[in-house]
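**Q** I'd like to ask you about the structure that follows.
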Amino acid sequence: MKAWQFEKYGRYDEVLNWMERPDPEPTGSQAVMDVAAASLNFPDLLICEGLYQHRAPLPAVPGCEAVGTVTAVGPASKFQVGDRIAGFINGGGTLAERCLLDNDIAWAVPKHLTNIQAAALSVTYGTAYFALVHRARIAPGEVLLVTGGSGGVGLAAIQLGKVFGAKVIAAAGSATKLEICKQQGADHVVNYSEENLTEQVRNLTQKTGADVIIDTVGGDVFDKIKRCVNWDGRVVIVGFTSGRIAQIECNRVLLKNMSVIGLAWGQYLGRDPTKGEACQKHLYELLQRGAIAPVIYRTLPFSKAKAGMAMLEKREVSGKVVLEY
């Protein structure tokens, strides 16, 4: 088979090549999936550089999520040949003609989902769902602040925040991105490249601050949001797309009675796969009744994987970039 493979760590545009790679063979609870569509995520850039939390052994393939058809199964697989499934691989492997998926990291895809929808759903909506439900335990009527609001996780968090009854404030760095946030249900928007984010959030909440904050950006943005958390509020740290890992003073945590919570969504699939399965089923139901809908920024042929990664690197993507055969 062929795959977007790199044999040394480095920038995606320097190390990735479309090349032959051995066909995967399933054992145990694994299944081989012919990839029909795969979405790109920010971690794909880090995987190529060897900077992601799971360092891929060389030679390696990026790509964390995909959808396709099962072509072979191990003796303990829950799937059958011909099943349409979606799966997540923490550390990469889906930017290939075929990939291996274990029972814990793959799910049957209902007929009402297209391949594009299925490929764009698991990582961003799974992350947002676990951040809101399992980590922040958001309640109806609470104020939710989402940074990086026009990104894949950001837009998923906006949509799911409205599903769970929150008042949503979305923050992003341009008027165009903020317009997309409003289209997806944000009640208020803040341009943190032009406005004082801390002051705007406090003004929008009658000086109390946000009850729940989902932060995908880190860096300077986190320095501002940590000053606009409500008493007993929860900040869920999802990522650091700014490139700088955030820090917080413990006295601030104490005085606000606040919680600063980490979320590495992919770890749940290995440690508690029943939660991952339940999340996927709920997301499929929400999509079927129109409560959520993945925002697709671009669909590209598999041959244009590097072009899609360039879009992510430039932070121009609103929603998801999906590759399809």
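**Q** Round to a whole angstrom and tell me the spacing of the C-alpha centers of the stretch 157-214 and the stretch 268-325.
**A** Comparing the Cα centres of the stretch 157-214 and the stretch 268-325, I get a distance of 22 Å.
**Q** GNM, the chain, Cα, under 10 Å: largest mean-square fluctuation among K306, K111, K256?
**A** Between K306, K111, K256, it is K111 that shows the largest mean-square fluctuation.
**Q** Below 8 Å, C-alpha to C-alpha, sequence gap of six or more: please give me the relative contact order for the stretch 6-94 in percent.
**A** On the way: 180 pairs, mean separation 30.4, N = 89.
For the stretch 6-94, the relative contact order is 34 percent.
**Q** Would you please give the residues with an amide H less than 5 Å from that of V295, counting only those at least 5 places away or on a separate chain, with H modeled from the backbone geometry?
**A** K320
**Q** Something else about it: Going from the alpha-carbon gyration tensor of the stretch 22-65, what semi-axes, largest first and in whole Å, does one get by taking the root of 5 times each eigenvalue? Present the calculation step by step, with values, prior to reporting the outcome.
**A** Values: eigenvalues 91, 40, 17 Å².
Semi-axes, largest first: 21, 14, 9 Å.
**Q** Still on this structure: In vacuo Debye scattering of the stretch 83-157, one point per C-alpha: log10 I(q)/I(0) at q = 0.11, 0.24 Å⁻¹?
**A** Ignoring solvent entirely, the Cα scatterers give -0.36, -1.18.
**Q** OK, next. Any idea what the dipole of the chain comes to, in debye rounded to 20, about its Cα centre with Lys/Arg Cβ at +1 and Asp/Glu Cβ at -1?
**A** Working: 34 positive and 32 negative charges, 134 e Å.
The dipole of the chain has a size of about 640 debye.
**Q** Report relative contact order for the chain in percent, whole number only (criteria: Cα-Cα under 8 Å, sequence separation at least 6). Kindly include the intermediate steps, with their values, before the conclusion.
**A** On the way: 748 pairs, mean separation 53.8, N = 325.
The normalised contact order for the chain reaches 17 percent.
**Q** Still on this model: Considering only DSSP beta bridges where both residues belong to the chain, give the percentage that are antiparallel (nearest 5).
**A** On the way: 31 of 56 bridges.
Antiparallel: roughly 55 percent of the beta bridges in the chain.
**Q** Also, I was wondering about something else. Which value in nm describes the separation of the simple spin-label points at M19 and E277, placed 7 Å from the Cα toward the beta carbon?
**A** 3.9 nm
**Q** Can you report the principal axis dimensions of the chain using only the alpha carbons, biggest first, rounded to whole angstrom?
**A** 58, 39, 35
**Q** Would you list which aspartates and glutamates come within 12 Å of K224, measuring only between C-alpha atoms, while excluding same-chain residues fewer than 8 positions from it?
**A** Partners found: E195, E199, D215.
**Q** Given a Förster distance of 35 angstrom, what is the FRET efficiency for H54 paired with D223, based on the Cβ-Cβ distance and rounded to 0.05? Kindly include the intermediate steps, with their values, before the conclusion.
**A** Working: r = 28 Å, r/R0 = 0.80.
The computed FRET efficiency comes out at 0.80.
**Q** So what is the relative contact order for the stretch 124-265, in percent, with contacts set as C-alpha pairs under 8 Å and at least six apart?
**A** Working: 312 pairs, mean separation 32.2, N = 142.
Over the stretch 124-265, the number comes to 23 percent.
**Q** Once a ≥ b ≥ c are taken as the square roots of the eigenvalues of the Cα gyration tensor of the stretch 1-124, is the result rounded (a/c under 1.5), prolate (a/b larger than b/c) or oblate (a/b not larger than b/c)?
**A** Judged from the Cα gyration tensor, the stretch 1-124 comes out prolate (a/c at least 1.5, a/b above b/c).
**Q** To continue, here is another question. Bin by bin, in steps of 10 Å, what percent of the Cα pairs in the stretch 124-265 do you find, going until the bin that has the longest distance?
**A** Spelled out bin by bin, the stretch 124-265 gives 13, 50, 34, 2 percent.
**Q** Moving on. Excluding same-chain residues fewer than 8 positions from K306, which lysines have a Cα within less than 20 Å of its Cα?
**A** The reachable lysines, counting only those whose Cα sits under 20 Å from K306, are K2, K8, K314, K320.
**Q** With +1 assigned to the C-beta of every Lys and Arg and -1 to the C-beta of every Asp and Glu, and no other charges, what is the dipole magnitude of the stretch 124-265 about the Cα centre in debye, to the nearest 20?
**A** Working: 15 positive and 12 negative charges, 52 e Å.
Here the stretch 124-265 has a charge dipole of around 240 debye.
**Q** When the expected Rg is taken as 2.2 N^0.38 Å, what fraction or multiple of it is the alpha-carbon Rg of the stretch 154-214?
**A** Values: Rg = 10.9 Å, N = 61, 2.2 N^0.38 = 10.5 Å.
Rg over 2.2 N^0.38 Å, computed on Cα atoms: 1.04.
**Q** Just how large is the dipole of the stretch 222-325 about the Cα centre, in debye to the nearest 20, putting +1 at every Lys and Arg Cβ and -1 at every Asp and Glu Cβ? Walk me through the numbers on the way to the answer.
**A** Details: 17 positive and 9 negative charges, 56 e Å.
That gives the stretch 222-325 a dipole magnitude of about 260 debye.
**Q** Would you work out which of M1, N257, I214 lies farthest towards the positive end of the dipole of the chain? Charges go on Cβ: Lys and Arg +1, Asp and Glu -1.
**A** N257
Here, each number is a calculation from the coordinates, and none is a lab measurement. What you see is a predicted model; the values in this text were computed from it and never measured. When we count neighbours, we look across all protein chains shown, and the Cβ atoms used for this are built from the backbone with ideal geometry, even at glycine.
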